[in-house]
1. Give the residues of the stretch 96-112 that are in contact (Cβ under 8 Å) with a residue 24 or more places away in the chain and either part of a strand (DSSP E or B) or surrounded by fewer than 18 Cβ atoms within 10 Å (Cβ to Cβ) (or both), sorted by residue number.
2. Within the stretch 47-68, track down each residue that is surrounded by fewer than 21 Cβ atoms within 10 Å (Cβ to Cβ) and in contact with a strand residue (DSSP E or B) (Cβ under 6 Å, 6 or more places away or on another chain).
3. For ARG88, state whether it is more than 23 Å from VAL209 (Cα to Cα) and either buried (at least 16 other Cβ atoms within 10 Å of the Cβ) or free of Cβ contacts under 8 Å to residues at least 40 places away in the same chain (or both).
4. Pick out the one residue from LEU164, LEU210, LEU229, LEU153 that is crowded, with 19+ Cβ neighbours inside 10 Å, more than 21 Å from GLU241 (Cα to Cα), modelled with pLDDT of 95 or more and in contact with a helix residue (DSSP H, G or I) (Cβ under 8 Å, 6 or more places away or on another chain).
5. In the stretch 159-201, what residues are within 25 Å of GLY44 (Cβ to Cβ) and part of a helix (DSSP H, G or I)?
6. Which of the residues spanning the stretch 42-71 are more than 14 Å from the chain's Cα centre (by Cα) and among the β-branched types (Val, Ile, Thr)?
7. So the check is Cβ under 7 Å with 6+ separation or different chains; which pairs have a first residue in the stretch 184-208 that's at negative phi and a second one that's buried (at least 18 other Cβ atoms within 10 Å of the Cβ) and polar (S, T, N, Q)?
8. What's the number of the condition VAL54 fails, among (1) free of Cβ contacts under 8 Å to residues at least 40 places away in the same chain; (2) part of a helix (DSSP H, G or I); (3) closer than 14 Å to LEU82 by Cα?
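The values are calculated or read from the model by the stated rules, or taken from the named source; none is laboratory data. Just so we're clear, the structure is a prediction, and the values are computed from it rather than from any experiment. Don't worry about glycine lacking a Cβ; one is built from the backbone with ideal geometry, like all the others, and counts go over all protein chains shown.
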Amino acid sequence: MAVEPDTTEDAVLGGRLRLRQPRRGHRVGHDAILLAAATFARGGETAADLGSGVGGAGLALAARVQNLDVTLLEIDAGLAALAQENVRLNAMEARGRAIVCDVEDQAALAEAGLGPASLDRVLMNPPFNDERRLNVSPDPRRRLAHVAGPGLLNRWIATAGCLLKPQGTLTLIWRADALADVLAALKPVFGGIGMLPVFPRPNMPAIRVLVRAAKSGSGALRDYSGLVLNDVKNRPTAQAEAVLRGGETLEIAKE
């Protein structure tokens with residue numbers, strides 16, 4: 001896979017992780033780091049980041065959990081090449097790989113060694129904007145990363161359900177105003193659901209929700225204390241800094 005030339009190399013997680021990414025278009029932001037911080041995993045386990053882009057979330061998780069095996073799945077060949085370069089850049093070749101793959105293509109997943117019940121953890125930040133509710137970017141890469149077609153959430157969750165071992169966990173980030181859609185999509189296969197809202201500032205509605213669920217799990221829905229990103233003066237909160245720069249995990253990831 002050839003790496004795209006027009007890129008930047010950026011430090012994230014307070015310098016714990018280096019990422020090459022396109023200079024223009026979709027770039028790694030808070031969502032990827034929050035997703036990693038919300039994902040529980042142990043060393044020796046296997047995980048996959050569905051729709052990984054340049055690998056921000058999956059590699060942030062691997063940076064925190066030593067000896068975790070991570071597969072980065074990305075349909076865009078250019079971004080997948082950057083993800084593989086980021087595996088190398090962060091000296092994770094022994095336990096990380098990037099694959100060009102449509103996460104809805106079961107045959108391609110099986111060819112890549114990701115058959116049914118093969119993973120302990122799945123994390124994903126699927127495209128979640130409804131093209132009927134916003135002006136869609138003319139940039140095809142940004143559109144692919146941000147805009148969800150009909151039924152995409154259900155199909156990606158179904159893929160996660162297939163790939164995970166019994167009691168394996170799925171962690172995802174989605175629009176907070178569409179939490180009901182997430183819960184409905186999880187219901188056929190997943191239980192033991194936990195959710196953590198993300199607020200832009202105090203006394204404002206949540207903009208994101210982090211959700212964790214176990215395959216074949218059980219138990220009542222558990223609400224975790226939300227994360228507030230900025231204070232009333234629009235300065236990052238201490239809690240947000242601890243997660244986004246300090247590499248701390250969110251409560252939802254502490255099993």
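1. If the condition is that a residue be in contact (Cβ under 8 Å) with a residue 24 or more places away in the chain and either part of a strand (DSSP E or B) or surrounded by fewer than 18 Cβ atoms within 10 Å (Cβ to Cβ) (or both), then GLY96, ARG97, ALA98, ILE99, VAL100, ASP102, GLU104, GLN106, ALA112 are the ones that fit.
2. ALA63, the sole residue that qualifies.
3. yes
4. LEU153
5. THR159, ALA160, GLY161, CYS162, LEU163
6. Residues satisfying the conditions are THR46, VAL65.
7. Pairs found: none.
8. Single failed check for VAL54: (2).
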